[in-house]
């Protein structure tokens, strides 16, 4: 049996492909939106996963360094090391700041860590790790700096000795890594004038031995929850397991953004459905005479339904392919991370198939109402 | 007898605004006959041809096709399209070929819808197109054909399902005098050679000598013309 849908499409191929590519752009935007959400989750977890502790110790009644301000005395690390089951304690500082690449401002997120510890920055692809108190800095390639560049932060100028690739904060800002002491000075050391004024007032403000959080690794066989409960009980600080901190990041911090993206994606899908419906309806009505002739010469409703449904599915399928090409081609041009994964594309394909079938219903309904007598003139 | 029409009527609308397009028409059409349906515009010719073609449902009366009762106050067949596919061929004023199918596909479409295998349908279609003198246009699209060629392809399509009756709605209206005459002569030849009843709606009285019978339709009344 002749495939009417295929013949009709071949007859006006350019128009069909252009239409499909137009719809494909919309589907591509849907894919990109999903990719942005994936990117947000991925970015949010880069730093916690890089540090990869068993427990996070943060200021009492706060949610931790990524969600709320947290300040702790650095010397708490000695007490923490004394708890049964604790293997390593990493004092850390976190700070958002703005640096300048020439005249261009660059938002960045600083992680201060003990340079001599076992910690290694995420995806350190070029150069080397920093050494202790050496005015060295590691930056992400996204900042635009290169090895050997000098960056002025606060009172000091740092030399770029290492470059990471795609190391970003939960907000998508590129990471900067400093030695803990230097990061503490950058964050907590007041200006000389303020220190002098404070001294006159009898206040002591030159101390910088403060950190934002401690990342603890445990010895094998120790339950993080039990160790955390002990620390909370004796040190009166908040303690989160790695999973709890991940939940705070993904559920608390990016939930609203995720919902917003989700809403936008749903709206885009609805718009795509409406557009596909309108296109199929218009395509069908444009063939009203041919459908009337087909009915007149005896074509069954099944043949006509199949023709319209196949065209709708082909339109959806082609638009999906176009959308994928568009999304993959444009993903790297977005300022934030866009992660396109095959399972999302597969799920979207299923949605597109359903949408295409639903979209074809209005066209089919109209086609079945066409009076075959309208093919006869006079 | 291919067609038997008995007191067949068609009324559009209800009450005072109703219009009776065909009033109790009674006639028979036999195999191999060419019958002209003659009448002014709005006389009911198209309504009559669509009722015979089982496209428009009559309001009352009886209609039989090839000995099978089609309508008797209600449809007696469940699938009128199957009936059209198998027993009726249509030719239109403006040929009405499917624009996205080539000549061969236009002709083989109906047999293929009837379940005829592609090879067999192609062979029959080629023979018909050869008979009608358009065998060299198999792969051409309708837009690439002249008016006369298109109408010949339309005739081939109407014959492809070996119908008992061909219903033609002003098949020569879009053609010049010479081509119109050629098409009508062809239809007459087909009717006689293939024992197909051919009913042609026409305004063109010059063609009347080519018909075996003439039915005049005026204000919905069908009368045999002498």
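Where a number appears in this text, it was derived from the coordinates with a stated rule and is not lab data. Keep in mind that what you see is a predicted model, and the values were worked out from it rather than measured. Note that we place each Cβ from the backbone using ideal geometry, even for glycine, and neighbour counts take in every protein chain shown.
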Quiz item: If you average the sequence gap of Cα pairs under 8 Å that are 6 or more apart and divide by the length of chain A, what percent do you get for the contact order?
Solution: 28 percent
Quiz item: For chain B, what relative contact order do you get, as a whole percent, if you take Cα pairs closer than 8 Å and at least 6 residues apart?
Solution: 30 percent
Self-check item: FRET E, pair residue A:117, residue A:350, Förster distance 51 Å, beta-carbon r, rounded to 0.05
Solution: 0.60
Quiz item: To the nearest 10 degrees, how steep is helix A:255-285 against the longest Cα principal axis of chain A, on a 0 to 90 scale?
Solution: 10 degrees
Practice problem: Would you please give the FRET efficiency between residue A:365 and residue B:77, computed as 1/(1 + (r/R0)^6) with r the Cβ-Cβ distance and R0 = 30 Å, to the nearest 0.05? | Solution: 0.75
Exercise. Please state, as a whole number in µm²/s, the translational diffusion coefficient that the Stokes-Einstein equation yields for segment A:92-209 at 10 °C and 1.306 mPa s, with Rh defined as the Kirkwood radius across alpha carbon pairs.
Key: 108 µm²/s
Quiz item: How do B:169, B:119 rank when sorted from fewest to most other Cβ atoms within 10 Å of their own Cβ?
Solution: B:119, B:169
Exercise. Indicate, rounded to the nearest 5 percent, the antiparallel portion of the DSSP beta bridges found entirely in segment B:3-225.
Key: 55 percent
Quiz item: Any idea how far the Cα center of segment A:73-125 sits from the one of segment A:1-67, in Å?
Solution: 31 Å
Practice problem: Quick one: angle between helix A:224-235 and the longest Cα principal axis of chain A, in degrees between 0 and 90, rounded to 10, please. | Solution: 40 degrees
Quiz prompt | Span from the segment B:185-212 Cα centroid across to the segment A:152-186 one, whole angstrom | solution = 94 Å
Quiz item: Cα centroid distance between segment A:226-254 and segment A:318-371, in Å?
Solution: 41 Å
Quiz prompt | segment A:219-344 shape via C-alpha gyration tensor axes, a/c threshold 1.5 | solution = prolate
Exercise. Name the shape class, rounded, prolate or oblate, that the alpha-carbon gyration tensor gives for segment A:120-162, where a ≥ b ≥ c are the square roots of its eigenvalues, rounded holds for a/c under 1.5, and otherwise prolate holds if a/b is larger than b/c and oblate otherwise.
Key: oblate
Practice problem: May I ask what percent, to the nearest 5, of DSSP beta bridges between residues of chain A are antiparallel? | Solution: 75 percent
Quiz item: Could you give the angle, 0 to 90 degrees to the nearest 10, between helix A:301-330's Cα long axis and the longest principal axis of the Cα atoms of chain A?
Solution: 30 degrees
Self-check item: Counting DSSP beta bridges with both ends in segment A:92-209, the antiparallel % (nearest 5)
Solution: 65 percent
Practice problem: Sort all Cα-Cα distances of segment B:3-225 into consecutive 5 angstrom bins from zero, then give the percent of pairs in each bin up to the one containing the longest distance. | Solution: 1, 7, 15, 19, 19, 16, 12, 7, 3, 1, 0, 0
Self-check item: Rg/Rg_ref, the protein assembly as shown, where Rg_ref = 2.2 N^0.38 Å and atoms are Cα
Solution: 1.64
Quiz prompt | Taking segment A:92-209 and dividing mean pair separation by its residue count, relative contact order in percent (alpha carbons under 8 Å, at least six apart) | solution = 28 percent
Self-check item: Prolate/oblate/rounded label for segment A:164-225 (Cα gyration tensor, a/c 1.5)
Solution: oblate
Quiz prompt | Mean residue ellipticity (222 nm) of the protein assembly as shown, computed from DSSP H runs ≥ 4 via -39,500 (n - 2.57), nearest 500 | solution = -14000 deg cm²/dmol
